[in-house]
Structures are given as structure tokens and as C-alpha cells.
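**Q** Input: one structure, supplied below.
The values are calculated or read from the model by the stated rules, or taken from the named source; none is laboratory data. The model shown is predicted, which means the values in this text are computed figures rather than measured ones. Here the Cβ positions follow ideal geometry from the backbone for every residue, glycine too, while neighbour counts run over all protein chains shown. Surface accessibility is based on the protein's heavy atoms, side chains included, excluding ligands, DNA and RNA. Shrake-Rupley method; radii C 1.70, N 1.55, O 1.52, S 1.80 Å.
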Amino acid sequence: MPQLRNIPLTYKEGVYSVVDFSKDIDEDNAISFDYDTQYQILTYDIPVGKGKREMTLYSVPEDELIRTLRAVYGKDETLQNVTVSLNGHETFLYIHYENEEHAKQEIWKFAIRNADAIVEQIQQCTDIVARLFIDYYCDGDNMDYHAVIGTAAQMDAVRQKYRHDDSCDNSGNYPSEYIEGDNEMLKTMVRCAEGYPSENFQYAVEIMSKYIEEHALSALQKTEDFKYICAEYD
């Protein structure tokens with residue numbers, strides 16, 4: 001099986017796979033990968049500003065990683081992105097931003113697309129809805145953003161079980177499945193941008209939550225005491 005080689009930060013314009021690069025690329029000017037075969041964990045450092053930031057991806061089959069990894073270089077020979085196809089889904093390992101403003105623009109565009117995908121799923125609900133929750137979490141490395149629907153019937157069951165109205169405002173008390181967009185892409189986009197990942201994540205959260213409020217709620221059949229609740233969880 002071909003070796004997982006370093007990906008240079010500058011190279012001739014084009015799209016390349018891992019076998020296209022030399023074994024002797026300088027680590028200081030490249031993305032270097034460390035792959036744990038036993039646990040299928042990929043660890044690597046990406047350039048962010050003047051420093052580097054460690055990234056980790058879990059459940060990465062070695063054969064798919066080697067076979068599908070692609071590095072894209074622009075006309076200025078700068079590495080634009082690195083992707084890998086996992087279970088038929090294109091996953092970004094690295095995204096290059098020209099500057100802080102460019103990063104904000106790209107995160108904003110992704111946040112709108114991601115929120116729209118969540119809205120489309122929410123709109124498929126035909127039950128009467130009592131609660132729509134947005135739950136999110138960020139610890140710098142792990143990130144999550146999802147919606148949970150609480151139907152009127154489910155809320156009645158929650159109220160009878162816990163005997164307290166506050167229990168109705170806790171998404172964890174509802175059996176509905178999580179409604180998600182692309183959390184892996186969200187994580188990569190905010191961590192490849194300069195600044196604190198938690199602040200970049202919060203920027204995306206505010207965009208997505210506002211978009212969902214503006215586009216999903218009007219399509220739902222709601223109870224009179226319906227609530228839209230956005231909250232960070234531990």
C-alpha cells in the first residue's frame with residue numbers, strides 16, 4: 001500500500017493524490033500526517049496564520065484515506081484544500097483562507113447552506129410541534145450543532161413523567177432523533193480560520209440559528225405555547 005506522504009503547502013497548479021508527491025518533502029513547509037492504524041485516527045497539523053493547529057479525524061479507513069486523498073493547488077501554487085472521500089462523502093481536511101475577511105465570508109456561506117439543509121429536514125415534520133431545539137457544543141476540538149423537534153404529544157408525555165413545566169424545555173427529555181447538517185465540515189472551516197475556534201464556531205452558530213428561525217418555523221404546525229430554544233450544552 002502506498003505511503004501517506006507529506007502534502008506541500010506550495011506546488012504546481014493542479015489536483016494531486018498522495019502518490020504524486022516525493023517522500024522527501026520538507027515537513028516545515030507541508031502538512032504532515034500521523035495515522036493510527038489500530039484505531040483509524042488521523043492526526044495532522046495545518047497552517048493557521050503564523051502558526052500551526054492540530055487536527056484530528058476519527059474512523060478513517062486506511063484504504064479510503066490513501067486512495068481518495070486529494071490536494072488542490074491554485075494558479076499561485078498555494079495549497080487550496082485537502083479532501084478525502086469517506087463512505088462516499090467528500091470530507092475536507094484543510095481549507096486555505098486568503099485572510100480573515102475571506103474566512104468570514106466562506107464560513108457565512110457554509111453556515112447558510114448547512115442551516116438550509118437542516119431547515120429542509122425540519123420542514124418534513126407533519127406533526128404538531130411544541131418545541132424546536134437547537135443544541136450546540138464546542139470545546140475547541142470537538143464541535144456539534146443539531147436540531148431536535150419536540151411534538152405536542154411528546155411534550156405531554158414529558159410533562160406527565162417529570163411533573164414540572166421546566167422539563168418541557170430540555171431537549172434531552174424528547175425521543176426525537178438529531179437533525180444535523182455537516183458537522184465535520186463545520187469543524188474544519190472554523191478551525192482552519194485564524195482566531196479562536198470557539199469564536200469562529202459561535203459566529204457560525206448565530207448565522208445558522210437565525211436562518212433556521214426565519215425559514216423553518218413558519219412551515220411548522222405549532223402549539224400556542226410553542227418555543228424555539230437555542231442553547232449550548234456541556
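**Q** Which one of these is in contact (Cβ under 8 Å) with a residue 12 or more places away in the chain and under 30 Å from Glu98 (Cα atoms): Glu180, Glu232?
**A** Details: Glu232 fails: under 30 Å from Glu98 (Cα atoms).
Result: Glu180 is the single residue among Glu180, Glu232 that is in contact (Cβ under 8 Å) with a residue 12 or more places away in the chain and under 30 Å from Glu98 (Cα atoms).
**Q** Across segment 95-123, what is the total count of residues that are over 23 Å from Tyr73 (Cα atoms) and not in a helix (DSSP H, G or I)?
**A** Of the residues in that region, 1 qualify.
**Q** Take the conditions open to solvent by 10 Å² or more (accessible area, probe 1.4 Å), under 15 Å from Val15 (Cα atoms) and free of Cβ contacts under 8 Å to residues at least 60 places away in the same chain and apply them to Thr78. Does it pass? Don't jump to the end; show me each part of the working.
**A** Working: open to solvent by 10 Å² or more (accessible area, probe 1.4 Å): yes; under 15 Å from Val15 (Cα atoms): yes; free of Cβ contacts under 8 Å to residues at least 60 places away in the same chain: no.
Criteria not met by Thr78.
**Q** Next up: Given the conditions (1) of a type in the set (A, V, I, L, M); (2) surrounded by 17 or more Cβ atoms within 10 Å (Cβ to Cβ); (3) part of a helix (DSSP H, G or I), which single one is not true for Ala153?
**A** (2)
**Q** Any residue at all in segment 124-138 that is out of contact with any Pro (no Cβ under 9 Å at 6 or more places or on another chain), open to solvent by less than 80 Å² (accessible area, probe 1.4 Å) and assigned to a loop (DSSP other than H, G, I, E, B)? Full working, then the answer.
**A** Within segment 124-138, the subset out of contact with any Pro (no Cβ under 9 Å at 6 or more places or on another chain) is 124-137.
Okay, now just the ones that are also open to solvent by less than 80 Å² (accessible area, probe 1.4 Å), so 125, 129-137.
Still in the running and assigned to a loop (DSSP other than H, G, I, E, B): 125.
Yes, the conditions are met somewhere in segment 124-138.
**Q** How about segment 6-56: which of its residues are touching a Ser or Thr at 6+ places or on another chain (Cβ under 8 Å), surrounded by fewer than 16 Cβ atoms within 10 Å (Cβ to Cβ) and aliphatic (A, V, I, L, M)?
**A** Result: Ile41, single match.
**Q** If you don't mind, there's one more thing I want to ask. Of all residues in segment 52-94, how many are among the β-branched types (Val, Ile, Thr), part of a strand (DSSP E or B) and closer than 18 Å to Asp34 by Cβ?
**A** 4
**Q** Can you name every residue in segment 156-175 that is in a loop (DSSP other than H, G, I, E, B) and out of contact with any helix residue (DSSP H, G or I) (no Cβ under 7 Å at 6 or more places or on another chain)? Quick ask: steps written out before the conclusion?
**A** Of all residues in segment 156-175, those in a loop (DSSP other than H, G, I, E, B) come to 163-164, 170, 174-175.
Arg163, His164, Asn170, listed by residue number.
**Q** Another one. Return the total of residues in segment 1-25 being under 19 Å from Thr68 (Cα atoms) and modelled with pLDDT under 85.
**A** 6
This table checks each residue for (1) polar (S, T, N, Q); (2) within 23 Å of Ala153 (Cα to Cα); (3) touching a Ser or Thr at 6+ places or on another chain (Cβ under 6 Å).
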| residue | (1), (2), (3) |
| --- | --- |
| Pro175 | no, yes, no |
| Val190 | no, no, no |
| Ala193 | no, no, no |
| Pro197 | no, no, no |
| Asn200 | yes, no, no |
| Glu224 | no, yes, no |
| Cys230 | no, yes, yes |
| Tyr233 | no, no, no |
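**Q** Could I ask something else about it? Please work out which residue is farthest from Tyr97 (Cα to Cα), limiting yourself to segment 25-46 and to residues that are part of a loop (DSSP other than H, G, I, E, B) and not β-branched (Val, Ile, Thr). First the steps, then the outcome.
**A** Residues of segment 25-46 that are part of a loop (DSSP other than H, G, I, E, B), as a first pass: 25-26, 32, 37-40.
Subsequent filtering for residues that are not β-branched (Val, Ile, Thr) retains 26, 32, 38-40.
Values: Asp26: 22, Ser32: 19, Gln38: 33, Tyr39: 31, Gln40: 28 Å.
The qualifying residue farthest from Tyr97 (Cα to Cα) is Gln38.
**Q** Scanning segment 194-216 for residues that are in contact with a strand residue (DSSP E or B) (Cβ under 6 Å, 6 or more places away or on another chain) and of a type in the set (A, V, I, L, M, F, W, C), which turns out surrounded by the most Cβ atoms within 10 Å (Cβ to Cβ)?
**A** Among those residues, the one meeting the criterion is Phe201.
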